[in-house]
Amino acid sequence: MKYSLIRAALWAVSFLILALAPMLLAYLGPVAPRTFWIEAGVALGFVGLGIMLLQFVLTGRYQRVATTFGLDSMLQFHRQMGIVAVGFILAHPIVLFLSDPVYLEYLDPRVELPRAVALSAVTGALLLLLATSLWRLSFRLSYEWWRALHGLLAIFVVFVGTVHVLQVGYYVSGIGKQVVFAALGAGAVALVVNTRLLRPWRMRRRPWRVEEVHEERGDASTLVLVPEGHAGMTFLPGQFAWLTLGETPFTLQQHPYSFSSSAQEAPNRVAFTIKEEGDFSAEARTVRPGTPAFLEGPYGYFVPETDPGMGCVMIAGGVGVTPFRSMLRTFADRGDPRELHLIFANVSPDQVIFFEELEELRSRLHLTVVHVLEDPPEGWKGESGLLDRELLERHLPETPPEFEYFICGPEPMMNIAESALRDLGIPQKRILSERFDMV
Ligand SMILES: Cc1cc2nc3c(=O)[nH]c(=O)nc-3n(C[C@H](O)[C@H](O)[C@H](O)COP(=O)(O)OP(=O)(O)OC[C@H]3O[C@@H](n4cnc5c(N)ncnc54)[C@H](O)[C@@H]3O)c2cc1C
């Protein structure tokens, strides 16, 4: 994702205003003052609910929001803000109970059974939401089931939270405010319905078919897809789409994959190169030609400038080479003369996806390729070991201002490459990262 201080600042301010909006709305009009701590406790609840509502926008994959900030950064932000929201909402009753024990009656089933049950359940839901997000693997939850549970718990929290605000009615008593709060809660649910039901419904009318499956090195396969009865999909090299395989788009198994084919072959032919990681990718690697598929996209901001005067340094690890293969093939098909450097880290030669093809692309492009092998074979004369600052320093071009720097690979490699580039004086706005591990 391309970094821009202005964009980040605008984003942060808009987020803050929207997160505070429910609280500001609640405080609008005449207010009977209470103690500081009671007001603080109430404010925590409103702000927590405000952030929670915004989470549905962050995860809704809305092109406009995603292209402003980048889907991966947005999901990381979602994760951090989710923790803040849960913290605020849980702190809300604690501060109130400590300020005035009379508030404990909200949890007393003898005073009001449905309210006590709902508020106890929502507390449990919040804790479960937090725990399953932080320690999904300890709960032995597959990514797909976790995602479904995560969505349901979040809807439940927002529903109970909105009903709670309306029911307490201290600040939200007038019909105008009640309608706005009810609309906010309903709006969040509508966003989920749009993402999970309406979007797949629309995708049903734009099916694809797997036409070819090519075995690659490194436990990977390339799937070539063609549109069935529609105009297909255009994309920019470096972007990705959400892929579903099988007869229906209504499935939990929808996964993000970078286009690995040339953008020049689109819209009638797109390809994805999939490395075996878990259940979906293992199945995807062995699908047969003729298998139906569905695509949602394109998404992503990991895209080179169109100006051929701007060179590209591509730092890849393992299957992180897929977006670079798309860029390189696109440049080759367009006869783009720009200077290109690929630094490609792998464990061993048999893991180097597209090894032969990269050799061939070298003859069609102004491209240098540096292979880095962690476990090199006997007699290997190239770079070996792990990618680090010294290695980058040896191979980076000497004219930094005219290059963009792209990084895609395993998380530790990306962190090292990002900080090494910064240390070497590359401006942050020239560094773009694509993280395959979104959560
Ligand atoms: C922008 C982007 C582009 C990607 N491009 C490629 C590519 O070109 N080639 C490739 O092999 N892999 C790519 N990936 C990674 C790929 O999406 C995951 O490896 C795949 O979803 C694993 O699913 P699984 O069921 O096989 O494995 P699992 O064992 O279920 O998942 C392994 C890990 O993959 C991630 N993951 C799983 N499902 C999803 C999902 N629905 N959404 C987001 N993350 C998920 C989670 O971090 C999970 O821990 C990309 C990921 C992203 C975010």
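The values are calculated or read from the model by the stated rules, or taken from the named source; none is laboratory data. Keep in mind that this is a model prediction, so the values were computed, not measured. Please note: Cβ atoms are built from the backbone with ideal geometry, for glycine as well, and neighbour counts cover all protein chains shown. Each accessible area value is taken on the protein alone, full model and side chains, heavy atoms only, with ligands, DNA and RNA left out. Shrake-Rupley method; radii C 1.70, N 1.55, O 1.52, S 1.80 Å.
Details
Let's see how each residue does on (1) open to solvent by less than 60 Å² (accessible area, probe 1.4 Å); (2) within 19 Å of V42 (Cα to Cα); (3) in contact with a strand residue (DSSP E or B) (Cβ under 8 Å, 6 or more places away or on another chain); (4) within 14 Å of the ligand (Cβ to nearest atom):
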| position | (1), (2), (3), (4) |
| --- | --- |
| Q76 | no, no, no, yes |
| G87 | yes, yes, no, no |
| L96 | yes, yes, no, no |
| Y106 | yes, yes, no, no |
| A118 | yes, yes, no, no |
| L130 | yes, no, no, no |
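- Against the criterion of being on the phi < 0 side of the Ramachandran plot, in contact (Cβ under 8 Å) with a residue 24 or more places away in the chain, open to solvent by 40 Å² or more (accessible area, probe 1.4 Å) and touching a Pro at 6+ places or on another chain (Cβ under 8 Å), P308 qualifies.
- Listed by first and then second residue, the pairs with beta-carbon distance under 6 Å, at least 6 apart or on different chains, first residue in the range 416-439 and within 15 Å of F403 (Cβ to Cβ), second away from the ligand (no atom under 16 Å from the Cβ) and open to solvent by 50 Å² or more (accessible area, probe 1.4 Å), are A420/R389; Q428/Y3; K429/Y3.
Table: residues versus (1) surrounded by 13 or more Cβ atoms within 10 Å (Cβ to Cβ); (2) not in a loop (DSSP other than H, G, I, E, B).
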| position | (1), (2) |
| --- | --- |
| R362 | yes, yes |
| H371 | yes, yes |
| P376 | yes, no |
| K381 | no, no |
| E393 | no, yes |
| P397 | yes, no |
| I407 | yes, yes |
| M413 | yes, yes |
| S419 | no, yes |
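- Residue match in the range 140-152 (condition: surrounded by fewer than 14 Cβ atoms within 10 Å (Cβ to Cβ) and farther than 21 Å from R196 by Cα): yes
- The residues in the range 335-386 that are acidic (D, E) and at positive phi can be counted, and the count is 0.
- Cβ-Cβ distances below 6 Å connect the following pairs, each with a first residue in the range 229-247 that is surrounded by 18 or more Cβ atoms within 10 Å (Cβ to Cβ) and assigned to a loop (DSSP other than H, G, I, E, B), a second residue that is modelled with pLDDT under 95 and aromatic (F, W, Y), and a separation of six or more residues or different chains: G238/F302.
- Selected residue (only one of A345, A332 is at pLDDT 95 or above, surrounded by 12 or more Cβ atoms within 10 Å (Cβ to Cβ), touching a helix residue (DSSP H, G or I) at 6+ places or on another chain (Cβ under 7 Å) and under 21 Å from K275 (Cβ atoms)): A345
- The range 190-216, residues that are at pLDDT below 95 and in a loop (DSSP other than H, G, I, E, B): R204, R205
- Some residue of the range 157-174 being assigned to a helix (DSSP H, G or I), modelled with pLDDT of 95 or more and under 23 Å from the mean Cα position of the chain (by Cα): yes
- When the range 248-259 is filtered for residues that are within 10 Å of the ligand (Cβ to nearest atom) and surrounded by fewer than 21 Cβ atoms within 10 Å (Cβ to Cβ), the ones remaining, listed by number, are L252, Q253, H255, P256.
- Top-ranked residue of the range 260-281 - restricted to ones that are in a helix (DSSP H, G or I) and more than 6 Å from the ligand (Cβ to nearest atom), ranked as surrounded by the fewest Cβ atoms within 10 Å (Cβ to Cβ): Q264
- Matching helices (runs of 4 or more DSSP H) fully within the range 24-104 where at least 3 residues are at pLDDT 95 or above and in the same structural domain as V13 (by TED's automatic domain parsing): 36-58, 71-99
- So G300, is it over 24 Å from G218 (Cα atoms), away from the ligand (no atom under 14 Å from the Cβ), modelled with pLDDT under 95 and in contact with a helix residue (DSSP H, G or I) (Cβ under 8 Å, 6 or more places away or on another chain): no
- Selection status of V111, open to solvent by 60 Å² or more (accessible area, probe 1.4 Å) and part of a helix (DSSP H, G or I): no
- Pick from the range 153-165, criterion open to solvent by less than 50 Å² (accessible area, probe 1.4 Å), farther than 25 Å from F250 by Cα and of a type in the set (A, V, I, L, M), ranking: nearest to the ligand (Cβ to nearest atom): V160
- Test: I416 is under 29 Å from L71 (Cβ atoms), away from the ligand (no atom under 16 Å from the Cβ) and modelled with pLDDT of 95 or more: yes
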